[in-house]
1. Please identify every one of the chymotrypsin sites (Phe, Trp or Tyr not before Pro) in the range 28-91 that sits in a loop by DSSP and has no more than 15 other beta carbons within 10 Å of its own beta carbon.
2. Skipping prolines and chain starts, which residues have an amide H placed within reach, meaning under 5 Å, of the one on Ser100, given they are 5 or more residues away or on another chain?
3. Give me the distance in nm between label points sitting 7 Å out from Cα along the Cα-to-Cβ direction at Val8 and Met61, one decimal.
4. What is the extension gain from Ala69 to Gln25, computed as 0.36 nm multiplied by their sequence separation minus the C-alpha to C-alpha distance, in nm to one decimal?
5. Using the Cβ atoms and a cut-off under 14 Å, what net charge is assigned to the surroundings of Ala63, where Lys and Arg are +1 and Asp and Glu are -1?
Amino acid sequence: MHAWLVQVCEWLQNTPFVLWLGHAQYAYPFVQLTHFTGLSLWLGTSLVLDFRLLGAGKKFMTAAQLRDAVFVWNWAGLGIAVITGLADDVEISETAAGTSIRMSWPSARAVRT
């Protein structure tokens, strides 16, 4: 199982999308925007349901109906946050051309330790 996970991580870090992500100028802000959008969606739908369970808000829906209404949005937000949160290895450096921000997905080195 461990060797398989290392192979998957090595494959992932060499995919064209991840290679682009590591060198594109606006990739980092875009990933961060997407990550925070996913977190907001996940937290917002969770809070709506929690407050409804506490009795706050309009009572035009039961808690079960509200749960069914926000279920897909809640899991979509969590999925977006997790996927974009994987791009966590950020390296910022100064180059002759200006500031360089390099991102990568979790590397196989991190999995081996």
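1. Phe60
2. Amide H neighbours of Ser100, under 5 Å, 5+ apart: Ser93, Glu94, Thr95.
3. 3.4
4. 12.0 nm
5. It works out to a net charge of +2.
Bear in mind that the values in this text are calculations on the coordinates, not laboratory data. Because the structure is predicted, anything quoted here is derived from the model rather than measured. Here the Cβ is made from the backbone with ideal geometry for all residues, glycine too, and neighbour counts use every protein chain on show.
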